[in-house]
Amino acid sequence: MRRIQRFPGQAMLIAIIVSGLPVWAHEPGAHVHGRAALEIAIDGAVAQVNLNSPLDNLLGFEHAPRNEKERQAIKAMASKLNEASSLFVFTPAAQCRLESADLNSPVLSADLLPPASGSGKSADKNSGASEFSPPASSAAVDAHAELDATWQFQCAKPQALQGVDVQLFRMFPGLRRLDVAIAGPKGQSSTKLSPESTRLKW
Amino acid sequence: MPKCGGSGLKSLFSLAFASAWNRRATLGLMAVSIALSVMLLLGVEQLRTQARESFSQSISGTDLVVGARTSPIQLMLYAVFRLGDATHNIRWASFQAMAAHPAVAWAVPISLGDSHRDFAVIGTTSAYFKYFRYGDRRLLAFAAGKPFTDIFDAVIGADVAAQLGYQVGDSIVLNHGAKGLGLTEHADKPFKVSGILKRTGLPVDRSVHVSLEGIEAIHLDWQGGAPMPGVSIPAEYVRKFDLAPKEITAALIGLKSRAGVFQMQRFINQYKGEPLLAVLPGVALDELWSIVGIVEKSLLAISALVVAVGLSGLVAVVLAGLGERRRELAILRSVGAGPRVVFLLLAIEGLMVVVAGALLGVLGLAVLSLFAAPVLEARLGISLAVGMLSAEAWQLLLLVMAIGFLVSLVPGYRAYRLSLSDGLTPRL
């Protein structure tokens, strides 16, 4: 390992920074109830939103349904998530329309998570080079499970698009905090949302 | 005698100034202490905003930064700002796999670890000069010469050229590891300066750029971080060896479409070959600032307290001086000045000292940053714009002056009460 020596000032700066390093909630593998990761990418007229949340935030449990009540709860969750226009309220002038919604969870079978009506194709494009593959499901081992949701919006007037109001907290009271990463026309940024502050601007 | 009209106010100001001039030593010292506190407050504010700006300017055109799995912030610090060390390298094969991904528009490898004098040496490819963007999506420009083409070519940053006096065509020797670490030199394989970059205000200015093959070549006859005893491969023979890099420290990646950035990030984080970490530089920087923000806020709070100490010192000095000035105030009363005029006089005096102190502070800060800017840039890679106050700094300055005026109403009110009770004959 070749090394570069630091200046004393740098060492101090790094010490300050590293001493404050928290565990990043949206690191791969982190599973914290109450928190979820939201990613928003805007390119031209397309806005793509991805939510990765512990199932507990959305459902109250993290396993395959064991009775009819739990089945109904999953269906209710799926229909709320499929109605993404009311979950993500973009700048009205931009006229953004939901194109597709795709829900995925290792413990819930696909028939419990039907695609949004009118969207035939999946928004998920996980079909890259062969070395890259989705992680193996560890749900059975640690009894925690997550839901991965991807929505795609198409905006008629993208130049008017300035932000989005995230209504997930109102729909899912189990969700307390969202770690948001944005890749937008003005660059990348990150922020946190809570039930008290739900607006994103870029 | 002054009444509260237009010309009356003007003569009140000149009267207040003349009176203050008589006590210029005390009030002058007071203005200096306010100047120092304002300097501290604005200095902290300026450093805070400009550090943030210069960090975010450094990587404006890069979609993803990739390195070995570590904390996202640590990766950003060593890959982009050359602060700290990498814990692991990444394999060249992993870099090639990423670069070949259909979503990737360009990929620039970065290999760190060697140095030249005080400056970091970066092994990369000529793609670095073609794709690395900073600031308002600007590309690196050459002040002289051209990108490296030969194995032993080097492109140097503006500071390297200026501080060491290098010209295109000069020969330089790289050191293994960093300065001051026993300094094993790669003296048998000198590099030739092929180009000098224009000043950017980024860590690039303090870097020596060479090809990845050059980095491999100087380490051909090395093993375990030291020259192999009895083995020496002369520079003219290195071309016969396989100079394909085996490892790099990090990679900068640009994508064809911004929309794919999170998918690409996931692909890299789940790469099977070895544990990799991809970060969105803008996102990692925001996370960094959300941590540093606590330190920033406490620094700002401390400097605000120092300003408060300065202002209360001012009130104390003016109040203490009142006792000695009762005769002066009585004379003013005797020539027809009402208690209200006395009140205004004192308030104006306080305001004058605060404004003078604030302006002196701004001036002092400008002079100080003139001297501090080169040091800050060299040590921390923060470029400080000299003499420019941000909108927030102006707001702070106005706030200080407003509070200064408000607190100088206190001695004004005291004088008002005194002149009512004393009338024309103060009992001294």
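Every number in this text was worked out from the coordinates using simple rules, so none of it is lab data. Note that the structure is a prediction, hence the values are computed from the model and not measured. Heads up, the Cβs are rebuilt from the backbone with ideal geometry, glycines too, and the neighbour counts pull from every protein chain shown.
Under the rule of at least 5 residues apart or a separate chain, name every residue whose amide H is placed under 5 Å from the amide H of B:D170.
It is B:V193, by chain and number.
For region B:121-217, what D do you get in µm² per second when you plug the Kirkwood radius from alpha-carbon pairs into Stokes-Einstein at 10 °C and 1.306 mPa s?
117
Could you work out the per residue convex hull volume over the alpha carbons of region B:64-279, in cubic angstrom?
Each residue corresponds to 125 Å³ of Cα convex hull volume.
What are the semi-axes of the equivalent ellipsoid of region B:237-335, taken as the square roots of 5 times the eigenvalues of the Cα gyration tensor, listed largest first and rounded to whole Å?
68, 19, 13
So for chain B, what percent of the C-alpha to C-alpha distances run longer than 36 Å?
It works out to 47 percent of all Cα pairs.
Given N residues in region B:36-77, what is Rg(Cα) / (2.2 N^0.38 Å)?
Ratio of Cα Rg to 2.2 N^0.38 Å: 1.66.
Using the C-alpha atoms of region B:73-141, what convex hull volume per residue, in cubic angstrom, is computed? Walk me through the intermediate numbers first.
Details: hull volume 8.9 nm³, N = 69.
Hull volume normalised by residue count: 129 Å³.
So in the protein assembly as shown, what percent of DSSP beta bridges are antiparallel if you round to the nearest 5?
Looking only at bridges with both residues in the protein assembly as shown, the antiparallel portion is about 80 percent.
Evaluate the charge dipole of the protein assembly as shown about its Cα centre and quote only its size in Debye, nearest 20, assuming +1 on the Cβ of each Lys and Arg and -1 on the Cβ of each Asp and Glu.
So the dipole magnitude of the protein assembly as shown works out to roughly 2420 debye.
Tell me the Rg and the Dmax, in Å, that the Cα atoms of region B:212-276 produce.
Over region B:212-276's Cα set, Rg and Dmax evaluate to 17.8, 55 Å.
Place +1 on the Cβ of every Lys and Arg and -1 on the Cβ of every Asp and Glu in region B:64-279, take the dipole about the Cα centre, and give the residue among B:F267, B:V80, B:V173 whose Cα lies farthest towards its positive end.
B:F267
Taking each residue in B:82-92, count the Cβ atoms of any other chain within 10 Å of its Cβ, then average. What number comes out?
The mean count of partner-chain Cβ atoms within 10 Å per residue comes to 3.
Mean 1/r over all different Cα pairs, inverted: what Kirkwood radius does the protein assembly as shown give, in Å?
Final number for the Kirkwood radius of the protein assembly as shown is 29.0 Å.
Give me the inter-chain shielding for B:287-296: mean count of other chain Cβ atoms within 10 Å, whole number please. Don't skip to the end; give the middle numbers.
Values: counts 9, 4, 1, 5, 7, 4, 1, 2, 5, 0.
Counting other chains' Cβ atoms within 10 Å and averaging over B:287-296 gives 4.
May I ask you to list, by number, the DSSP H helices of chain B whose Cα span along the axis is at least 20 Å and whose average Kyte-Doolittle hydropathy reaches 0.5 or more? Could you put the intermediate results ahead of the total?
Details: long enough: B:6-22 (25 Å, 0.59); B:24-57 (46 Å, 0.62); B:281-324 (63 Å, 1.60); B:339-380 (58 Å, 1.96); B:391-422 (46 Å, 0.99).
Answer set is B:6-22, B:24-57, B:281-324, B:339-380, B:391-422.
How many Cβ atoms of partner chains, on average, are near each residue of B:262-275 if near means within 10 Å of its Cβ?
Counting other chains' Cβ atoms within 10 Å and averaging over B:262-275 gives 5.
Of the residues B:S71, B:S408, B:S58, which exhibits the maximal mean-square fluctuation in a Gaussian network model of chain B defined by a 10 Å Cα contact cut-off?
Residue with maximal mean-square fluctuation among B:S71, B:S408, B:S58: B:S71.
Using alpha-carbon pairs under 8 Å, 6+ residues apart, how would you state the relative contact order of region B:64-279 in percent?
With pairs under 8 Å counted, the relative contact order is 33 percent.
222 nm [θ] for chain B, helices only, -39500 (n - 2.57) per DSSP H run of 4+, per residue, to 500?
-17500 deg cm²/dmol
Which of the aspartates and glutamates could a cross-linker bridge to B:K198, judged by Cα under 17 Å and excluding same-chain residues fewer than eight apart?
B:D136, B:D159, B:E377
Pick from B:M228, B:M30, B:M352: which residue has the top mean-square fluctuation in a GNM of chain B where Cα pairs under 10 Å get a spring?
Result for chain B, Cα springs under 10 Å: B:M228 fluctuates most.
Considering amide H positions built from the backbone, and no H for Pro or chain starts, which residues 5 or more places from B:D63, or on another chain, come under 5 Å of its amide H?
B:I253, B:G254, B:L255
Quick one: which of A:K80/A:K157; A:K201/B:K256; B:K146/B:K240; A:K201/B:K272; A:K157/A:K186; B:K192/B:K256 span more than 28 angstrom between C-alpha atoms? Could the numbers behind the result be given before it?
On the way: A:K80/A:K157 26 Å; A:K201/B:K256 24 Å; B:K146/B:K240 25 Å; A:K201/B:K272 36 Å; A:K157/A:K186 17 Å; B:K192/B:K256 35 Å.
From A:K80/A:K157; A:K201/B:K256; B:K146/B:K240; A:K201/B:K272; A:K157/A:K186; B:K192/B:K256, over 28 Å: A:K201/B:K272; B:K192/B:K256.
How large is ³J(HN,Hα) for each residue in region B:249-256, as worked out from phi by the Karplus curve 6.51 cos²θ - 1.76 cosθ + 1.60 (θ = phi - 60°), to whole Hz, x for Gly and Pro?
The phi angles translate into 8, 7, 9, 9, 10, x, 9, 6 Hz.
What percent does the relative contact order of chain B come to when contacts are Cα pairs within less than 8 Å and at least six residues apart?
Averaging sequence separation for qualifying contacts and normalising by length gives 26 percent for chain B.
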